[in-house]
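Input: a single structure, listed below in structure tokens.
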Amino acid sequence: MLGIFPKKVEELKRNGLYRSFLPCSHLAADHGCATHEGEHIQVWCSNDYLGLSLHPEVVRAQIDSAVEHGTGSGGSRNIAGTSEAHVELEARLAAWHGKERALVFSSGYVANFETLSTLISAVPDIVVFSDASNHRSLIEGILRTGCRKHVFPHNDLEELEKALSLYGEDHPKLIVFESVYSMGGDVSPVREICDLAERYNALTFIDETHAVGTRGPTGAGLCEELGEHRLTFVQGVFSKAVGTVGGYVTGPDSVLDYVRSHAPGFIFTTSLPQSSMDATLKSLDLVQRGDALRRGLMENVRHLKGALRGAGVDFIDAESHLVPVLVPGAERVRHVSRRLLEEHGIYVTPINFPSVPRGTERFRITVSPLRTHEQIDGFVAALRKSLASE
Ligand SMILES: Cc1ncc(COP(=O)(O)O)c(C=O)c1O
């Protein structure tokens, strides 16, 4: 039986779907840089959007907490794995997003999958309306339940409304979407989706993974930036701009209380260690008063876009801090990535199908506020050279 796997792996390789992981050890003292096979390299695709994973106060908070509380939580949330820091963090997240309750999960993926699958399974006949560009964790959470669903074209309000209008006012409905889409860097029409949800009596679940820390006056995300409070559930992560690890969902007290008691991926797994929670709490202090960080991020994004434009590099001029550079062709994007690494010591992950449609392969470039303009110019010059020689 195991004999089928070498063939399956070969098939992945033939179809250009085989994934290679580049081992790189990020350097806290040298932002945006890492070591790879003994070489010093620059990393231009990290989700550490604000550079907080290496902030001395965040690192210190994690070290101090580990010294005091150890490196593991020793149990699930149910079995002595709920530290006082977990409780404090959940209260703080609920208040930050203006919701009744928050639950912290071991990752953003788990937060989405567990909350959606548990919530949807609990509501008989619920119909789910899911944006076509939703992240895999949202898709899998919905699929797990076998519920009736409509996948509407990305950000297409007309098609969403058409689908919503198929059901009576009292029919349970849930709209699932993101605020900032990471592969295209575009944002969703949050207000208009909330208007539709109100008109058709639907619940809403928004994934703010890429907006937490980067949008809103205190970094709570796009909903905060827009002053939009109507969302039923707001999800976020610590693994991107907050610079630590974990994910969460905020929303109505009774629903999350139910999820807390039923979601297998919340109950039957060891909780994140207290040191991680304490680092996250410290990082949230910096995020919440981090207006200068967010301004610095967007200033560097503007500089990057100007440099790309000047170099004639094809990119998507999206509204967020994410800058997709188009390098169509699965082989080509891999070659350019390899050339950048071998000739310039620069790493960007090639992004292929199924993460993006075939023919739209790309790099997803990120710059933190800690990058200098000189570094950005150097990166763009190397990118231009590598693209030209492919
Ligand atoms: C939109 C979206 N949601 C959820 C996740 C999962 O978050 P995590 O990496 O914390 O599991 C990601 C991760 O890339 C994402 O892009």
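The values are calculated or read from the model by the stated rules, or taken from the named source; none is laboratory data. Everything quoted here is computed from the prediction, not taken from an experiment. Every residue, glycine as well, gets a Cβ built from its backbone with ideal geometry; the counts of neighbours run over all protein chains shown.
Of all residues in region 270-318, those satisfying the criterion of being β-branched (Val, Ile, Thr) and farther than 30 Å from SER76 by Cα are VAL301, VAL313, ILE316.
Here the condition is being outside the structural domain of GLY184 (by TED's automatic domain parsing) and assigned to a loop (DSSP other than H, G, I, E, B); of PRO357, PRO324, it holds for PRO357 alone.
Given the criteria of a type outside the set (Gly, Ala, Ser) and either under 29 Å from LEU12 (Cβ atoms) or in contact with a strand residue (DSSP E or B) (Cβ under 7 Å, 6 or more places away or on another chain) (or both), does VAL287 qualify? Explain how you work it out, then say what you get.
Numbers: of a type outside the set (Gly, Ala, Ser): yes; either under 29 Å from LEU12 (Cβ atoms) or in contact with a strand residue (DSSP E or B) (Cβ under 7 Å, 6 or more places away or on another chain) (or both): no.
The answer is no for VAL287.
Taken together, the residues in region 305-321 that are in a loop (DSSP other than H, G, I, E, B) and touching a residue at least 60 places away in the same chain (Cβ under 8 Å) amount to 7. If you check VAL255, VAL249 for being surrounded by 15 or more Cβ atoms within 10 Å (Cβ to Cβ), more than 16 Å from the ligand (Cβ to nearest atom) and either in the same structural domain as SER137 (by TED's automatic domain parsing) or over 19 Å from the mean Cα position of the chain (by Cα) (or both), only one passes: VAL255. Under the condition of being among the small types (Gly, Ala, Ser) and farther than 24 Å from LEU143 by Cα, the residues counted in region 176-206 number 1. Among the candidates GLY184, GLY236, the residue that is more than 21 Å from LEU284 (Cβ to Cβ) and within 16 Å of the ligand (Cβ to nearest atom) is uniquely GLY184.
Can you spot a residue in region 63-70 that is under 30 Å from ARG364 (Cβ atoms) and out of contact with any strand residue (DSSP E or B) (no Cβ under 8 Å at 6 or more places or on another chain)? Within region 63-70, not a single residue is under 30 Å from ARG364 (Cβ atoms) and out of contact with any strand residue (DSSP E or B) (no Cβ under 8 Å at 6 or more places or on another chain). One residue stands out among those in region 82-113 that are buried (at least 20 other Cβ atoms within 10 Å of the Cβ) and in a strand (DSSP E or B): the one that is nearest to the ligand (Cβ to nearest atom), which is PHE105. Among the residues making up region 224-240, a single one is closer than 16 Å to ARG92 by Cβ and small (Gly, Ala, Ser): GLY236.
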